[in-house]
1. Express the relative contact order of the range 5-170 as a whole percentage, based on alpha carbon pairs under 8 Å and six or more residues apart in sequence.
2. Between (1) 22.4; (2) 17.6; (3) 15.4, which entry matches mean projected area of the Cα convex hull in nm² as derived from the coordinates of this structure?
3. Over the range 58-153, how many percent of alpha carbon pairs lie in each 5 Å bin up to the one with the longest distance?
4. In the P(r) worked out for the range 174-312, what percent of Cα pairs fall beyond 22 Å?
5. In a Debye calculation with equal point scatterers on the alpha-carbon sites of the range 5-170 and no solvent, what is log10 I(q)/I(0) at q = 0.11, 0.12, 0.19 Å⁻¹?
6. Amide H to amide H, which residues 5 or more places from Leu169 or on other chains are under 5 Å from it, using H placed in the peptide plane?
7. For Thr46, list long-range residues whose amide hydrogen, built 1.01 Å from N in the peptide plane, is under 5 Å from its own amide hydrogen.
8. Given a Förster distance of 30 angstrom, what is the FRET efficiency for Asp243 paired with Arg316, based on the Cβ-Cβ distance and rounded to 0.05?
Amino acid sequence: MSQDQTRILQEQVLAAAADGTRLDIRGCGSKRDLGRSAAGAPLDVTGHRGIVSYEPKELVVTARCGTTLEELEAELARRGQMLAFEPPRFGAGATLGGTIAAGLSGPRRAYAGSARDFVLGTRVLTGRGEVLRFGGEVMKNVAGYDISRLMTGAWGTLGVLLEVSLKVLPHPAGELTLVQSRGTADALEAMNRWAGRPLPLSATCHDGERLYVRLSGAASAVEQARAVIGGEPLEDGAGFWSDRIREQGHAFFAGGTPLWRLALPSAAPMPALPGKWLIEWGGGQRWLRSDAEAETIRSVAARLGGHATLFRHGDRTGPVFHPLPAPLLALHRRLKNAFDPQGLLNPGRMYAEI
């Protein structure tokens, strides 16, 4: 069945290449409101699904792009393991391919690593109709260019992800979420101070009034860190991080005001921008709800050594991701031309020029 699905997708891409039809790669649609608006004939990848191989002792799993995160994470949980980058779903049918193509990571990202850090290998269908395999199923795979990680976060503009091999990790033995009242500046200082110590941090969040800190690891290490950090235990810590933060069910994310994602140095001061803030990743990820001009937000973020992305709402026909310097944009164009010379796959999904 998997070979049949691969052949079907390959034939669709070859047909599109023959007549110049642009293609819009589609899974369940959970990421449709992220990135720039897509245009093109739909290329449905949901039928290409299933776990190809899983080696719990080796901490490696390979699955097809249409496999849902729900299915994949349930299988890992049965063996006491997890996706360490804690990807958001933003929809019940969210697929592995869409998650990796968007490069999405959740609350654990600052302490465990990003989606890109756990991608070991990929099998990709290019805009030329070629099926190529990159990387492997081991961490020490250093031959050639690291194309697998290049595909992570490329939003399907370089190729259709057919299969992805991932490094997985065991569930922590103990986990605890602490909450304490702190102002924004105080919270930033505390998160950066704790990050410099050997504490089992796995998530942090400040909502403007309260600072939430998750500890994960050996039970003894969690208890020792609890004494250092202080605060009150949160009764439903798991639900807070999964539903309110990872899946953006927190009241902060409600409404239609443009939602901006600012990536900044963790110790950077709060940007002088109007709006409401929510801080994650020890200060490295700052969410902003604001009607301020895009140029103003991006200019302020750049001055602080970071960048800004229009994550949701607002105008998705114009620039959504932080504009690239001319040399870097030229490099992106050369990569696009190498994998998809006719510009068939998800054109304009990241930048209008590619």
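1. Here the relative contact order equals 24 percent.
2. (2)
3. The calculated distribution, bin by bin, is 2, 12, 22, 27, 21, 10, 4, 1, 0.
4. 38
5. Results for the range 5-170 at q = 0.11, 0.12, 0.19 Å⁻¹ read -0.41, -0.49, -1.24.
6. Met82, Ala84
7. none
8. 0.75
The values are calculated or read from the model by the stated rules, or taken from the named source; none is laboratory data. Worth saying up front: this structure is predicted, and the values here are computed from it rather than measured. With ideal geometry, Cβ positions are generated from the backbone for all residues, glycine too; neighbour counts draw on all protein chains shown. Heavy atoms of the whole protein, side chains included, go into the accessibility calculation; ligands, DNA and RNA do not. Shrake-Rupley method; radii C 1.70, N 1.55, O 1.52, S 1.80 Å.
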